[in-house]
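**Student:** Supplied in structure tokens, the structure appears directly below.
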Amino acid sequence: MLFKQQALLRQKLLVLGSLAIGSVLYLVARVGTLDRLQPTCPIEGRLTDPDQIPLRTLQFKRGLLRKLCKGNASREQTHRQSLVQQLPRAIIIGVRKGGTRALLEMLNLHPAVVKASQEIHFFDDDENYARGIEWYRGEMPFSFPHQITIEKSPAYFITEEVPERIFKMNSSIKLLVTVREPTTRAVSDYTQVLEGKERKNKTYHKFEKLAINTNTCEVNTKYKAVQTSIYTKHLERWLKYFPVEQFHVVDGDRLITDPLPELQMVERFLNLPARIGQYNLYFNATRGFYCLRFNIVFNKCLAGSKGRIHPEVDPSVVTKLQRFFHPFNQKFYQITGRTFNWP
């Protein structure tokens, strides 16, 4: 009799245990599903105050906007959701290989920010610019009126016509400039071009031959990678149209090693409520830089092309470049009010 009771008890415990495990697995699966599902009904009266936007709103924002951009929603549905295509209120204008993509993707963690996924090249491309401002607006993602649309095109910073063109669109726009140590940035620029040449089985000069004039043994100021790293030269052109207060300089080197403080400064510059925290950034030892965590199921790392290994450069050439950039760097510090520990 006792043996039968024990057997029945074990059987009941087994059933209860199976039910408990099944419930837990269902809840885990359900949470993942809820994070992926997007609401389909109108949400009038919600998400009107940026201070009230929870981070999970990002899932709604991404899923809904993706559907609308693919044309799966009618004009009426778009209107009901109060979604619009807005001109940018902030633009990441450069610099190339300074961390512009990293900055854009990291800012997209913020629920009040909507990013253009591709570089539009509206202001630096004459053909695109001739299409007009409404064409440019049409290239922007759908967003709620309270959200800030941001695009990035690094060529803007060094193209002469761009400051005046952006000023004509919006004289009060906020401008973000990401910079890295100038010599490192120049080598990174070269590395990207080199990789492109190698993919096409083309030969390319060594960095030293491009960066140094072989006739004078001085820095080759006609080499584009060198020109781009003379930040103050380009910034002075922008200051003819915009006051320095409308610029925010981002440390691209720090975006690699410790991005959160940089992102928090950008949040304040854009007058956004603080929403990006340490939870949203985690270091990927394999990739060698920080990746993004949107929620418990959605993570993202930058493309594999980021973090390329730079070729070894003759130390004497590195020293020559650092000395060349030094006076320009000092002037850049004075103009922007931000000092970096560059050689």
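**Student:** If you take the residues in region 171-189 that are among the polar types (S, T, N, Q) and out of contact with any strand residue (DSSP E or B) (no Cβ under 9 Å at 6 or more places or on another chain), which one is most open to solvent (accessible area, probe 1.4 Å)?
**Tutor:** Of all residues in region 171-189, those among the polar types (S, T, N, Q) come to 171-172, 178, 183-184, 188.
Narrowing further to those that are out of contact with any strand residue (DSSP E or B) (no Cβ under 9 Å at 6 or more places or on another chain): 171-172, 183-184, 188.
On the way: Ser171: 59, Ser172: 79, Thr183: 6, Thr184: 47, Ser188: 12 Å².
In this case the residue turns out to be Ser172.
**Student:** Identify, by number, the condition in (1) at pLDDT below 90; (2) over 21 Å from the mean Cα position of the chain (by Cα); (3) open to solvent by 30 Å² or more (accessible area, probe 1.4 Å); (4) not hydrophobic (A, V, I, L, M, F, W, C) that Gly196 doesn't meet.
**Tutor:** If we test Gly196 against (1) at pLDDT below 90; (2) over 21 Å from the mean Cα position of the chain (by Cα); (3) open to solvent by 30 Å² or more (accessible area, probe 1.4 Å); (4) not hydrophobic (A, V, I, L, M, F, W, C), just (3) comes out false.
**Student:** Then there's this: Would you confirm, using the coordinates I've provided, whether Leu235 is touching a residue at least 40 places away in the same chain (Cβ under 8 Å) and surrounded by 14 or more Cβ atoms within 10 Å (Cβ to Cβ)?
**Tutor:** Numbers: touching a residue at least 40 places away in the same chain (Cβ under 8 Å): yes; surrounded by 14 or more Cβ atoms within 10 Å (Cβ to Cβ): yes.
Considered against the rule, which asks whether it is touching a residue at least 40 places away in the same chain (Cβ under 8 Å) and surrounded by 14 or more Cβ atoms within 10 Å (Cβ to Cβ), Leu235 comes out as yes.
**Student:** Pairs, please: C-beta under 8 Å, at least 6 apart or cross-chain, first residue open to solvent by 100 Å² or more (accessible area, probe 1.4 Å) and in region 208-225, second outside any helix (DSSP H, G or I) and of a type in the set (A, V, I, L, M)?
**Tutor:** Listed by first residue and then by second, the contacts come to Glu218/Ile212.
**Student:** Residues in region 145-164: is at least one within 30 Å of Leu270 (Cβ to Cβ), open to solvent by 50 Å² or more (accessible area, probe 1.4 Å) and touching a strand residue (DSSP E or B) at 6+ places or on another chain (Cβ under 8 Å)?
**Tutor:** Keep residues of region 145-164 that are within 30 Å of Leu270 (Cβ to Cβ), which gives 145-164.
Filter once more, keeping what is open to solvent by 50 Å² or more (accessible area, probe 1.4 Å): 145, 160-161, 164.
Narrowing the set further to residues that are touching a strand residue (DSSP E or B) at 6+ places or on another chain (Cβ under 8 Å) leaves 145.
Among the residues of region 145-164, at least one is within 30 Å of Leu270 (Cβ to Cβ), open to solvent by 50 Å² or more (accessible area, probe 1.4 Å) and touching a strand residue (DSSP E or B) at 6+ places or on another chain (Cβ under 8 Å), which makes the answer yes.
**Student:** Within region 238-251, restricting attention to residues that are part of a helix (DSSP H, G or I) and not acidic (Asp, Glu), which residue is surrounded by the fewest Cβ atoms within 10 Å (Cβ to Cβ)? Show your work before the answer.
**Tutor:** From region 238-251, those part of a helix (DSSP H, G or I) are 238, 244-246; that's our starting set.
With the extra rule that they be not acidic (Asp, Glu), the set shrinks to 238, 244, 246.
On the way: Trp238: 22, Val244: 12, Gln246: 16.
So, considering only residues that are part of a helix (DSSP H, G or I) and not acidic (Asp, Glu), the one surrounded by the fewest Cβ atoms within 10 Å (Cβ to Cβ) is Val244.
**Student:** Something else about it: Counting only residues that are open to solvent by less than 20 Å² (accessible area, probe 1.4 Å) and polar (S, T, N, Q), how many does region 82-127 have?
**Tutor:** Summing the residues that are open to solvent by less than 20 Å² (accessible area, probe 1.4 Å) and polar (S, T, N, Q) in region 82-127 gives 2.
**Student:** Here's another thing I want to ask about it. Would you check which residues across region 199-231 are within 31 Å of the chain's Cα centre (by Cα) and at positive phi and list them?
**Tutor:** Asn201, the sole residue that qualifies.
**Student:** Select, from Phe298, Phe340, Phe247, Phe294, the only residue that is more than 22 Å from Val114 (Cα to Cα) and in contact with a helix residue (DSSP H, G or I) (Cβ under 9 Å, 6 or more places away or on another chain). Before the answer, list the steps.
**Tutor:** Numbers: Phe298 fails: more than 22 Å from Val114 (Cα to Cα); Phe247 fails: more than 22 Å from Val114 (Cα to Cα); Phe294 fails: more than 22 Å from Val114 (Cα to Cα).
None of the other options fit; the residue is Phe340.
**Student:** Give all pairs with beta carbons closer than 8 Å in which a residue from region 146-175 that is basic (Lys, Arg) and at pLDDT 95 or above meets a residue that is assigned to a loop (DSSP other than H, G, I, E, B) and surrounded by fewer than 21 Cβ atoms within 10 Å (Cβ to Cβ); count only pairs at least 6 apart in sequence or on separate chains.
**Tutor:** Filtered contacts from region 146-175: Lys152/Ala116; Lys152/Glu119; Lys174/Arg89; Lys174/Leu270.
The values are calculated or read from the model by the stated rules, or taken from the named source; none is laboratory data. Remember, it's a predicted structure, so these values are computed and weren't measured experimentally. Reconstructed Cβ throughout: ideal geometry from the backbone, glycine too, with neighbour counts over all protein chains shown. All accessible areas refer to the heavy atoms of the entire protein, side chains included, with ligands and DNA or RNA removed. Shrake-Rupley method; radii C 1.70, N 1.55, O 1.52, S 1.80 Å.
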